[in-house]
Amino acid sequence: MSWGTELWDQFDNLEKHTQWGIEVLEKYIKFVKERAEIEINYAKQLRNLSKKYQTKKNSKEEEESKYTSCKAFQTTLNEMNDYAGQHEVVSENMTSMIMAELTRFVQELKQERKSNFHEGRKAQQHMETCWKQLESSKRRFERDCKEAERAQQYFERMDADINVTKADVEKARQQAQIRHQMADDSKGDYSSVLQKFNHEQQEHYHTHIPSIFQKLQDMEEKRIVRLGDSLKTYADIDRQVVPIIGKCLDGITKSADSINGKQDSQTVIESFKSGFEPPGDVDFEDFTQSIKRTVSDTSLTNSRADGKSELKISGKSRGKLWPFIKKNKGATPEDFSNLPPEQRRKKLQQKVDELNKDIQKEIDQRDALTKMKDVYMKNPQMGDPASVAQRLIEISNNIEKLRVEVQKFEGWLAEVEGRLPARNDNSRRQSALYETQNATTPVSNCAQDRESPDGSYTEDQSQETEVKVTPTEFDDDFDDEEPLPTIGTCKALYPFDGENEGTISVAEGEVLSVIEEDKGDGWTRIRRNEEEEGYVPTSYIEVYLDKNTKGAKTYI
């Protein structure tokens, strides 16, 4: 089955069909291009989504990432990032293996199609020329035959007419012969042109056109096969990344299986355990004894004196209502004295470990430089020993400084560990709340009773002077401290969600009051409507301080 024999007279239709076939291929290329764009955009969105929810360094989220559930979530984000990479691979392979290849193939098809139809049109024009020659030869033969017949009739009339001279008859006879000769010549020429035309036509419809149409058929079949191969490649590109995507999903499943509720519960204990003991039983206060006493001047005086002494407690004990007092918003002390004992111990231990790691790094670097110096001394051509001497001195100084820091933090650590209760100690201390309520309980001067609301303590005995506690003073412990004065205004450059304790949410463009400027920790304290106050990142606002404070200063 061949186009050349079956479709010998469908030149125009074949021209339209092959053009349509190329357009189908171009449409498929456009489809693959848009699919590749979708894949790359999807990968970009997945990466941005993964990055958006990644734990940020030096943030509260980094502290929370120690829980197994948070680790599993972070693993999921990492796997989704790899998942996005596979979609990028799909996009790249479709662009290089399908789009680029098919685009070159289409250009080749267009050139081949153009060449074949040009050759076909040239063959058709040649046949039209041969047909015109045949028609011209045929009309000339027909005309000469008619002329010869008229000349023969004229001769016969002249020959039959007795009035015509013999010379005229001879002339007519010669003219008839000439016309007959011309007709014979035209007949021979017509016969020759006809044979040539038939030969050309035979060659055209049985050789040239079948050959051209066969080329077109081969071209079209090649296009169809190439399209089929591209469709297989299209599927294979997706299939190649399926195992890797499966591994990403397996990683997410594995991370989900790694979540351990018991372990996270223990982590919560380690994160928030204060080290304080629960409060003990409240002693019974018998107020009926004063009624049974005999009223006298001496007893009245003693009673007043006793009552006065009962209402006196140390100022430090009064400050031990630590669960109800606001946390300090200032900078964190170097010894972490703002934290409860257990948390302070953990922070100090972490600091000691970090310093020891830094010391080990410096020691390793010192050893390496010492070996290098020895090599230089033995082989001066390799380098100058004095070039590393200064660096060795700097490293030694750094090691000494770090060791001093370690000793300092280890001292604080030993101090904290010495004050923490033993694990098997059954004694339970009174809480500050109950100590304040029970005025008859004697005030101790031990280090534990000198602890501040946040777990720190002081050796200053002057702070333990007695003060008279009244119900109004007791209630004041729960009131907010005196509002800080306004020192300027600020404008929010960006929206901020104050999700952490002590922060405040602001909207973009909102104007608020500044009550405490940035002290170097990157946070500014602001107030809204004399009611809400909290901290926002300094980089999120533009601050305008009053001239009577420290001059106008802008943070951007």
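Summary of values
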item: The listed residue being open to solvent by less than 50 Å² (accessible area, probe 1.4 Å) and either more than 24 Å from Asp250 (Cβ to Cβ) or modelled with pLDDT under 90 (or both), out of Asn116, Asn93; result: Asn116
item: Condition check for Thr55: at negative phi, at pLDDT below 90 and touching a Ser or Thr at 6+ places or on another chain (Cβ under 8 Å); result: yes
item: Of all residues making up the stretch 373-385, the number that are open to solvent by 80 Å² or more (accessible area, probe 1.4 Å) and in contact with a helix residue (DSSP H, G or I) (Cβ under 7 Å, 6 or more places away or on another chain); result: 2
item: Only one of Leu49, Leu14, Leu7, Leu25 that is within 30 Å of Ala256 (Cβ to Cβ) and out of contact with any strand residue (DSSP E or B) (no Cβ under 9 Å at 6 or more places or on another chain); result: Leu49
item: Tabulated pairs, the stretch 259-282, first open to solvent by 60 Å² or more (accessible area, probe 1.4 Å), second of a type in the set (Lys, Arg) and part of a loop (DSSP other than H, G, I, E, B), C-beta under 7 angstrom, 6+ apart or interchain; result: Pro278/Arg428
item: From the options Lys132, Lys114, residue that is free of Cβ contacts under 8 Å to residues at least 24 places away in the same chain, basic (Lys, Arg) and over 30 Å from Gln217 (Cβ atoms); result: Lys132
item: Any hit, the stretch 271-282, residues being among the charged types (D, E, K, R), over 30 Å from Gln349 (Cα atoms) and not in a helix (DSSP H, G or I); result: yes
item: Residue that is farthest from the chain's Cα centre (by Cα) [pool: residues in the stretch 386-407 that are crowded, with 16+ Cβ neighbours inside 10 Å and either farther than 20 Å from Leu355 by Cα or of a type in the set (S, T, N, Q) (or both)]; result: Val388
item: Any chance Lys71 is modelled with pLDDT under 90, assigned to a loop (DSSP other than H, G, I, E, B) and of a type outside the set (A, V, I, L, M, F, W, C); result: no
item: Qualifying residues in the stretch 170-189 (those that are of a type in the set (Gly, Ala, Ser) and under 9 Å from Asp144 (Cα atoms)) - the one nearest to the chain's Cα centre (by Cα); result: Ser186
item: Identity of the residue in the stretch 332-364, polar (S, T, N, Q) and not in a helix (DSSP H, G or I), that ends up least open to solvent (accessible area, probe 1.4 Å); result: Ser337
item: Residues (within 30 Å of Thr18 (Cα to Cα), surrounded by 18 or more Cβ atoms within 10 Å (Cβ to Cβ) and free of Cβ contacts under 8 Å to residues at least 24 places away in the same chain) located in the stretch 163-218; result: none
item: Among (1) open to solvent by 40 Å² or more (accessible area, probe 1.4 Å); (2) farther than 30 Å from Ser69 by Cα - the single one Lys247 does not satisfy; result: (2)
item: Only one of Glu108, Glu128, Glu119 that is assigned to a helix (DSSP H, G or I), more than 20 Å from Gln202 (Cα to Cα) and among the charged types (D, E, K, R); result: Glu108
item: Meets criteria (surrounded by fewer than 18 Cβ atoms within 10 Å (Cβ to Cβ) and either at pLDDT 90 or above or of a type in the set (Ser, Thr, Tyr) (or both)) for Asp367; result: no
item: Single residue of the stretch 472-484 satisfying the filter (part of a loop (DSSP other than H, G, I, E, B) and surrounded by 12 or more Cβ atoms within 10 Å (Cβ to Cβ)) that is modelled with the highest pLDDT; result: Leu484
item: In the stretch 485-520, residue surrounded by the most Cβ atoms within 10 Å (Cβ to Cβ) [restricted to those that are among the hydrophobic types (A, V, I, L, M, F, W, C) and touching a residue at least 60 places away in the same chain (Cβ under 8 Å)]; result: Ile487
item: Filter result (open to solvent by less than 50 Å² (accessible area, probe 1.4 Å), under 21 Å from Lys122 (Cα atoms) and in contact with a Lys or Arg (Cβ under 9 Å, 6 or more places away or on another chain)) within the stretch 3-27; result: Phe11, Glu15, Thr18
item: Qualifying residue in the stretch 37-57 (condition: in a helix (DSSP H, G or I), acidic (Asp, Glu), over 19 Å from Ile245 (Cβ atoms) and more than 19 Å from the chain's Cα centre (by Cα)); result: no
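The values are calculated or read from the model by the stated rules, or taken from the named source; none is laboratory data. Because the structure is a prediction, the values reported are computed rather than measured. Heads up, the Cβs are rebuilt from the backbone with ideal geometry, glycines too, and the neighbour counts pull from every protein chain shown. Please note that ligands, DNA and RNA were not included when accessible areas were found on the heavy atoms of the full protein model with its side chains. Shrake-Rupley method; radii C 1.70, N 1.55, O 1.52, S 1.80 Å.
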